[in-house]
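Everything on this sheet refers to the single structure shown next.
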Amino acid sequence: MPNILCLETSSTNCSVAIATNDGVLAIKEDKNNNYSHAEKLHVFIDEILKENNLKITDLDAVAISKGPGSYTGLRIGVSAAKGLCFSLEIPLISISTLKSLARQVKDSDALVIPLLDARRMEVYSAVFNAEFEQIRETRAEILEAEIYAEYLEKGKVVFIGSGVAKFQTICQHPNAIFVPDTLPSAKEMCNSAIEKYKISDTVDVAYFEPYYLKDFKAG
């Protein structure tokens, strides 16, 4: 039974989980409004392994949330993942951040549009069907009242993520369902990580880079 360490650092949530064939073995995360990854990520990794009687050498792979999201957060997570994979000689698995965020919607037959805050009225978004298959590419886009009208006119659409509160103020469509103040979590990475591990869907540790989507701007 594989043990896969899942790391999610694309937002202010510093999140670490262990995935096994049975799903989520354990999770530790810090959902505050500040970026604590530099201070807490490696601490969480050590703690979650010890609390579950695992050694670092018991890991079979590392899964990383690839983005889009915070430039600094993604860099910290990817650097940690690569370091572990290099030192342990284990594979690296890349998981879509927006797909993991969409997976937090449970028991819905609606379309799911995750909205990850990208400052001002801009968000990172994608569109998924009820089976969490991506049906529209990932974009960085500025929110407008009618931006998702083509999907809302067809039926219920669940909007989830840290960018939802901004969209909720300008969208009055009756088919819109809002799940605000939700951050990506390593918990929803676990099933995808196991699925990819079983078919050896991994990335090159040396050349993998986060999916930033936008150029970094210091601010």
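The values are calculated or read from the model by the stated rules, or taken from the named source; none is laboratory data. None of the values given here were measured: they were computed from a predicted structure. Please note: Cβ atoms are built from the backbone with ideal geometry, for glycine as well, and neighbour counts cover all protein chains shown.
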Restricting attention to the range 146-202, the residues that are surrounded by fewer than 19 Cβ atoms within 10 Å (Cβ to Cβ) and within 19 Å of the chain's Cα centre (by Cα) number exactly 9
Can you name every residue in the range 116-163 that is under 14 Å from residue 68 (Cα atoms) and either of a type in the set (Ser, Thr, Tyr) or part of a loop (DSSP other than H, G, I, E, B) (or both)? 118, 119, 124, 125, 138, 162, 163
Just name the residue that is surrounded by the most Cβ atoms within 10 Å (Cβ to Cβ) out of those in the range 12-35 that are among the hydroxyl-bearing types (Ser, Thr, Tyr) and either under 20 Å from residue 162 (Cα atoms) or touching a helix residue (DSSP H, G or I) at 6+ places or on another chain (Cβ under 6 Å) (or both). 15
Of 126, 102, 80, which residue is small (Gly, Ala, Ser), at pLDDT 95 or above and more than 18 Å from residue 180 (Cα to Cα)? 80
If residue 83 passes every condition in (1) free of Cβ contacts under 8 Å to residues at least 24 places away in the same chain; (2) over 27 Å from residue 46 (Cα atoms); (3) not basic (Lys, Arg) but one, which one does it miss? (2)
What pairs come out if I take residues in the range 23-38 that are under 15 Å from residue 10 (Cβ atoms) and pair them with residues that are modelled with pLDDT under 85 and not in a strand (DSSP E or B) whose C-beta lies under 7 Å away, six or more apart or interchain? 30/36
Can you find, within the range 50-75, the residue that is nearest to residue 15 (Cα to Cα) among those that are in contact (Cβ under 8 Å) with a residue 40 or more places away in the chain and surrounded by fewer than 20 Cβ atoms within 10 Å (Cβ to Cβ)? 75
Which listed residue is closer than 25 Å to residue 157 by Cα and buried (at least 19 other Cβ atoms within 10 Å of the Cβ), from 84, 116: 116
